[in-house]
Protein chains: 2
Amino acid sequence: MTDQRDEGSMPERNPTLFDVAKAAGVSKSAASRALLRQSDVNGQTAERVREAARQLGYVPNGAARSLVERRSGIVGAHVRDVSSPFYGIVLSGMQAQAAADDVSVVSTSGSWDLDVDQESRLLKTLITLRADAIVVCSSTFPTPYLVPFLKRIPMVLCGWPEDDDRFSGCFIDEEDGAHQIADRIIDLGHRSVAIVRPPPSRSRSQARRMETIRQRLLTSHSVVREVDGGDRRVAMHDIVNLARERRVTVVMCPTNDTALEIIDVLRSSNLAVPEDVSVTGFDTVGPLGTPSLGISSFTVPAAEVGRRALAMALERIDNPDQPPQRLLLNGNLRIGSSAAAPPASGRRG
Amino acid sequence: MTDQRDEGSMPERNPTLFDVAKAAGVSKSAASRALLRQSDVNGQTAERVREAARQLGYVPNGAARSLVERRSGIVGAHVRDVSSPFYGIVLSGMQAQAAADDVSVVSTSGSWDLDVDQESRLLKTLITLRADAIVVCSSTFPTPYLVPFLKRIPMVLCGWPEDDDRFSGCFIDEEDGAHQIADRIIDLGHRSVAIVRPPPSRSRSQARRMETIRQRLLTSHSVVREVDGGDRRVAMHDIVNLARERRVTVVMCPTNDTALEIIDVLRSSNLAVPEDVSVTGFDTVGPLGTPSLGISSFTVPAAEVGRRALAMALERIDNPDQPPQRLLLNGNLRIGSSAAAPPASGRRG
DNA sequence: TTGTACGCGTTATCAG
DNA sequence: CTGATAACGCGTACAA
């Protein structure tokens, strides 16, 4: 029954439901019902309460509400690397769906160099918040770490494919994308291909996608030369040499960032793209997706992935016992001005 | 004193402190003290409690803790547009600082097309969570909407400058950047300049930065032609014509995305960059910042802005009554291969 | 050192 | 229609 409180150092305290009730001259319960717009409340008093709430700038305390309602009304999203345009757009998509379904999405995030402990901490933040569901967007966090929570809270993975079939998830069908772009390069007539390997620690999915491309190329008896992308300077040097000596007619990259950079380096070395050598990227989203840039790449529906992942999460909140469900979304291959048929003098494998 | 609970539809319930205590054969309070590593607790029992907590996979309920401690231990970040590389990197910077200071950062986010109501909703989410402080990264959300909360919760603005001096904030010194890049273009000898205006609704800061550039150019008696960036196709058409007719020798863009696209369009139109026409961008972060692309631009310390903004927020939690504090961080001008002296035949203003 | 009792702000139940 | 009252899970004086 404390009516007085000790003022902290902050000038003003967040008004509580009690404050609103007092101002409206009713009890907490009546105020609560009025604000929740439940039916069994007098229109007069209800209006008084709402007015008082507005005057005071009342915002309900989610902690208290979460405690008694046993649900927080928020969905947590963990995004390993927000500075990646792909995941930024995924997050935007989730937000759009959230607005439509009247839930709040809050996210924890980091950068590409997070280690497992740091990501665990971020996930624990979401668990501590008692998010009603969690969407995990990280292509490096080992799923076994998530398993203990799987029985307690709906979880869905999101982004690039994850094999663990204990989990639900919404993914880009990247194997299909890798096949599409490899096939197209073969169709164009290329048989001598350089592929750029990303540093494996940075992204499992990038490594895997290039491996898939390599496998596919080999089925057409192409000659595939691998360039280690670990050291950027060395990689650029190697690529220019390969192209200049006509040992490859196309350079395939794990991302569009890399492709863009390589195109620039090649042109600076007086090699014409695509006349002398073609270049391809992957996972076009954001600014690098503008048509006029013409990077040949696999364009992915990032926002759609976010939307669907959130929808899956919400569905699992209502029905937590359903079996894991996996959704693969297709991207589109777009051959822009950075790729064309190999030059006539190009070697054949 | 309820010992039994009704199992919901979720297979397993989150274990509570009570569960841990029961498993360790002690009371809730003892368990609490053991987990909080307070001193007045027997080493034996403490270990038993911690073991039980580990066995059960206990994660404290943040709502309950927040309620009793009257602080949530989380800092909220609202980011209007996470798909923008700038804010993605700002968020990464905040996260780095948060890890160092042992606080959790959770964020709400959207995309560039959020309206005021939607952003209000997102902010209210953070207030409802009772975040201990809030960092607002939005160059369009009107500060008056924030004022009511200013007295209740430490807030700091972050990103591009905001004039309202009731607020603390950490910003890029973009006026300086605008001056630097304009001055440099003048120094290179350009006197006929096209500047691309962004659609004003999209970003106040972009509009303002171009206006600053324009003002600065006028001091050197340059001829400034404005191109409305609202319709991309029309803008591109206009720019190509201006360049082809030698009515401008340089095109200045509000962002690097735009610059990159324009460079590509110009080159496709058989205009050499920078030989025939120079192009500049702004706010280089992320993939578009790779040196080899050579976009001439103002490069900004986005991660640093995030770090400092979070540090300011934490400082205000401890000392909420301090007056508003503003921090301006400088970027670096980098003239890459996209800008050079105007061609000899370039007109003079 | 340990347990008991209370309160944080809210919703839900049940008497009036 | 309204107002007490009991939880929700946790930290913490206070008593043992």
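The values are calculated or read from the model by the stated rules, or taken from the named source; none is laboratory data. In this text the structure is predicted, and so the values were computed from the model without any measurement. As a convention, Cβ positions derive from the backbone with ideal geometry for all residues, glycine included, and neighbour counts pool all protein chains shown.
Just one of B:43, B:62, B:76 is in contact (Cβ under 8 Å) with a residue 40 or more places away in the chain and not acidic (Asp, Glu); which is it?
B:76
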task: Kindly indicate the residue of segment A:66-86 that is surrounded by fewer than 16 Cβ atoms within 10 Å (Cβ to Cβ) and of a type in the set (D, E, K, R) and also farthest from the chain's Cα centre (by Cα) among those meeting that condition.
output: A:69
Residue B:32 vs. criteria among the small types (Gly, Ala, Ser) and touching a strand residue (DSSP E or B) at 6+ places or on another chain (Cβ under 6 Å): no
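Would you call residue B:136 more than 13 Å from every other protein chain (Cβ to nearest Cβ) and touching a residue at least 60 places away in the same chain (Cβ under 8 Å)? Break it down into steps so the answer makes sense when it comes.
Working: more than 13 Å from every other protein chain (Cβ to nearest Cβ): yes; touching a residue at least 60 places away in the same chain (Cβ under 8 Å): no.
In short, no.
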field: Failed condition for residue A:49, given (1) in contact (Cβ under 8 Å) with a residue 24 or more places away in the chain; (2) within 13 Å of chain B (Cβ to nearest Cβ)
entry: (2)
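Just to check your reading of the model, which residue among A:113, A:117, A:40 is more than 26 Å from residue B:69 (Cβ to Cβ) and within 23 Å of the chain's Cα centre (by Cα)?
Values: A:117 fails: more than 26 Å from residue B:69 (Cβ to Cβ); A:40 fails: within 23 Å of the chain's Cα centre (by Cα).
Just a single option satisfies the conditions, and that option is A:113.
Of the residues B:66, B:84, only one is within 8 Å of chain A (Cβ to nearest Cβ), more than 13 Å from DNA strand C (Cβ to nearest atom) and not hydrophobic (A, V, I, L, M, F, W, C); which?
Of the residues listed, the single one that is within 8 Å of chain A (Cβ to nearest Cβ), more than 13 Å from DNA strand C (Cβ to nearest atom) and not hydrophobic (A, V, I, L, M, F, W, C) is B:84.
Taking the conditions exactly as written (part of a loop (DSSP other than H, G, I, E, B), without any contact (Cβ under 8 Å) to a residue 40 or more places away in the chain and either within 29 Å of residue A:331 (Cα to Cα) or more than 16 Å from DNA strand D (Cβ to nearest atom) (or both)), does residue A:113 satisfy them or not? First the steps, then the outcome.
Values: part of a loop (DSSP other than H, G, I, E, B): yes; without any contact (Cβ under 8 Å) to a residue 40 or more places away in the chain: yes; either within 29 Å of residue A:331 (Cα to Cα) or more than 16 Å from DNA strand D (Cβ to nearest atom) (or both): yes.
In short, yes.
Checking the conditions here, which among A:126, A:122, A:157 is assigned to a strand (DSSP E or B), buried (at least 19 other Cβ atoms within 10 Å of the Cβ), at pLDDT 95 or above and more than 7 Å from chain B (Cβ to nearest Cβ)? Walk me through how you get there before you give the answer.
Values: A:126 fails: assigned to a strand (DSSP E or B); A:122 fails: assigned to a strand (DSSP E or B).
Exactly one of A:126, A:122, A:157 is assigned to a strand (DSSP E or B), buried (at least 19 other Cβ atoms within 10 Å of the Cβ), at pLDDT 95 or above and more than 7 Å from chain B (Cβ to nearest Cβ), namely A:157.
Look through A:141, A:149 and report the one residue that is part of a helix (DSSP H, G or I) and under 23 Å from residue A:80 (Cβ atoms). Please lay out each step first, then the result.
Working: A:141 fails: part of a helix (DSSP H, G or I).
The unique qualifying residue is A:149.
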query: Of the residues in segment A:12-43, how many are at negative phi, assigned to a loop (DSSP other than H, G, I, E, B) and either more than 8 Å from DNA strand D (Cβ to nearest atom) or not β-branched (Val, Ile, Thr) (or both)?
result: 11
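The rows are residues; the columns are (1) within 30 Å of residue B:84 (Cβ to Cβ); (2) within 16 Å of DNA strand C (Cβ to nearest atom).
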| position | (1), (2) |
| --- | --- |
| A:51 | no, no |
| A:55 | no, yes |
| A:59 | yes, yes |
| A:72 | yes, yes |
- request: Taking residue A:223 as meeting all but one of (1) more than 30 Å from the chain's Cα centre (by Cα); (2) surrounded by fewer than 19 Cβ atoms within 10 Å (Cβ to Cβ); (3) under 24 Å from residue A:85 (Cβ atoms); (4) at pLDDT 90 or above, write down the number of the exception.
  value: (3)
- request: Taking residue A:131 as the residue in question, decide whether it is touching a residue at least 40 places away in the same chain (Cβ under 8 Å) and within 14 Å of chain B (Cβ to nearest Cβ).
  value: yes
- prompt: Is there any pair linking a residue in segment B:241-258 that is assigned by TED's automatic domain parsing to the domain that holds residue B:226 to one that is among the aromatic types (Phe, Trp, Tyr), with Cβ under 6 Å and at least six apart or on different chains, and which?
  reply: B:254/B:282; B:255/B:282
field: Residue count for segment B:84-110, restricted to those that are more than 20 Å from residue B:204 (Cα to Cα) and not in a helix (DSSP H, G or I)
entry: 7
- request: Kindly indicate whether any position in segment A:175-196 is in contact (Cβ under 8 Å) with a residue 60 or more places away in the chain, among the acidic types (Asp, Glu) and touching a strand residue (DSSP E or B) at 6+ places or on another chain (Cβ under 7 Å).
  value: no
query: How many residues are touching a helix residue (DSSP H, G or I) at 6+ places or on another chain (Cβ under 6 Å), more than 16 Å from DNA strand D (Cβ to nearest atom) and over 15 Å from residue A:16 (Cα atoms) when one looks only at segment A:52-76?
result: 2
- prompt: Just for segment B:1-49: of the residues that are near DNA strand C (Cβ under 9 Å from one of its atoms) and polar (S, T, N, Q), which one is modelled with the lowest pLDDT?
  reply: B:39
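Quick test for you: out of B:235, B:259, B:243, pick the one residue that is more than 13 Å from chain A (Cβ to nearest Cβ), touching a helix residue (DSSP H, G or I) at 6+ places or on another chain (Cβ under 9 Å), surrounded by 14 or more Cβ atoms within 10 Å (Cβ to Cβ) and not charged (D, E, K, R). It would help to see each step written out before you state the result.
Numbers: B:235 fails: more than 13 Å from chain A (Cβ to nearest Cβ); B:259 fails: more than 13 Å from chain A (Cβ to nearest Cβ).
From the options B:235, B:259, B:243, the qualifying one is B:243.
Collect the residues in segment B:180-203 that are of a type in the set (Lys, Arg) and farther than 25 Å from residue B:140 by Cβ, keeping them in residue-number order. Step through it out loud before you land on a result.
Applying the first criterion (of a type in the set (Lys, Arg)) to segment B:180-203 yields B:184, B:191, B:197, B:202.
Matches in segment B:180-203: B:184, B:191.
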